[in-house]
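Chemist: There's a structure below that I have some questions on.
The values are calculated or read from the model by the stated rules, or taken from the named source; none is laboratory data. Since the structure is predicted, the reported quantities are computational estimates derived from the model, not experimental observations. Note that each Cβ is placed from the backbone with ideal geometry, even for glycine, and that neighbours are counted across all protein chains shown.
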Amino acid sequence: MELPLKMNRLVIVFFILLFLILFFSCRENKASENKIAVPSSELAVLMRKMTTHCDSLKFCLENDLRRLPAFPPEFNKMPIAKRTDPEIRQEAFEGLAKYHLNTWEKLYTAKISDRKEAYSTIVRSCISCHESVCPGPLKRIKALKLNSHGE
Ligand code: HEC
């Protein structure tokens, strides 16, 4: 009965090692999380990507470039993305987010001559949701408006 006993020890050693690895990797995670006071929600990360994407669109439209950067499919996750503030009712948020995605679809299906107007509708939709649920980034969002395009 020598062999099974050795095997058992091996198994135990293996689990101890596994435990140590997991334990130390978790500790590292905690340490790096502490540096950022509040960990970013899934929605916050998505919003930042949308903002940078709008910066690129604004550049293309103001310089009359014909090719727009492709629509990032991950934007479609917006209605169900985890939010920092669960206070806003899920249904209400989903409704607004779906309306917003609809404005994106309109831009990507618009004729070249209608793109500026379609882009401005996206930014208006950003602003109207933010005015009601999250006024913090409004200044940053208003900077996304086209210089050549009204308001
Ligand atoms: C349906 C409502 C809604 C729409 C539309 C919307 N946002 Fe947001 N946005 C939010 C909410 C809610 C947050 C807070 C995210 C969180 O912390 O979970 C947020 C956060 C942000 C932030 C801060 C992200 C950070 O670093 O914490 C920026 C910047 C932003 N949005 C830009 C935009 C832009 C640009 C658009 C339009 C392209 C837009 N948003 C459209 C609801 C919306």
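Chemist: May I ask you to list pairs of residues, at least six apart or on different chains, whose Cβ atoms are under 6 Å apart, with the first in region 79-93 being within 15 Å of Ser40 (Cβ to Cβ) and the second being part of a loop (DSSP other than H, G, I, E, B)?
Modeler: Qualifying pairs under 6 Å: Lys82/Ser41; Arg83/Ser41; Thr84/Ser41.
Chemist: If you don't mind, there's one more thing I want to ask. Here are some residues: Ser40, Ser32. Which one is modelled with pLDDT under 95, surrounded by fewer than 12 Cβ atoms within 10 Å (Cβ to Cβ) and not basic (Lys, Arg)?
Modeler: Only one candidate qualifies: Ser32.
Chemist: Something else: Consider Arg27 carefully, then state whether it is within 16 Å of the ligand (Cβ to nearest atom), of a type in the set (D, E, K, R) and at pLDDT below 95.
Modeler: So Arg27 fails the test.
Chemist: Let me confirm something: among Arg67, Arg115, which residue is over 30 Å from Pro39 (Cβ atoms) and part of a loop (DSSP other than H, G, I, E, B)?
Modeler: Of Arg67, Arg115, the one residue that is over 30 Å from Pro39 (Cβ atoms) and part of a loop (DSSP other than H, G, I, E, B) is Arg67.
Chemist: Restricted to region 93-123, and to residues that are farther than 20 Å from Lys77 by Cα and among the charged types (D, E, K, R), which residue is farthest from the ligand (Cβ to nearest atom)?
Modeler: Result: Lys111.
Chemist: I'm told Ala118 meets every condition in (1) under 17 Å from the mean Cα position of the chain (by Cα); (2) surrounded by 12 or more Cβ atoms within 10 Å (Cβ to Cβ); (3) hydrophobic (A, V, I, L, M, F, W, C) except one. Can you identify the failing condition by its number?
Modeler: With (1) under 17 Å from the mean Cα position of the chain (by Cα); (2) surrounded by 12 or more Cβ atoms within 10 Å (Cβ to Cβ); (3) hydrophobic (A, V, I, L, M, F, W, C) applied to Ala118, the lone miss is (1).
Chemist: Also: Could you grab the pairs with beta carbons closer than 6 Å, sequence gap of 6+ or different chains, first residue in region 105-127 and closer than 23 Å to Met47 by Cβ, second one modelled with pLDDT under 95 and surrounded by fewer than 18 Cβ atoms within 10 Å (Cβ to Cβ)?
Modeler: Close Cβ pairs satisfying both conditions: Lys116/His149; Ser120/His149.
Chemist: Among the residues of region 56-92, how many are near the ligand (Cβ under 9 Å from one of its atoms), loosely packed, with under 12 Cβ neighbours inside 10 Å and closer than 20 Å to Lys145 by Cβ?
Modeler: Final tally of qualifying residues: 0.
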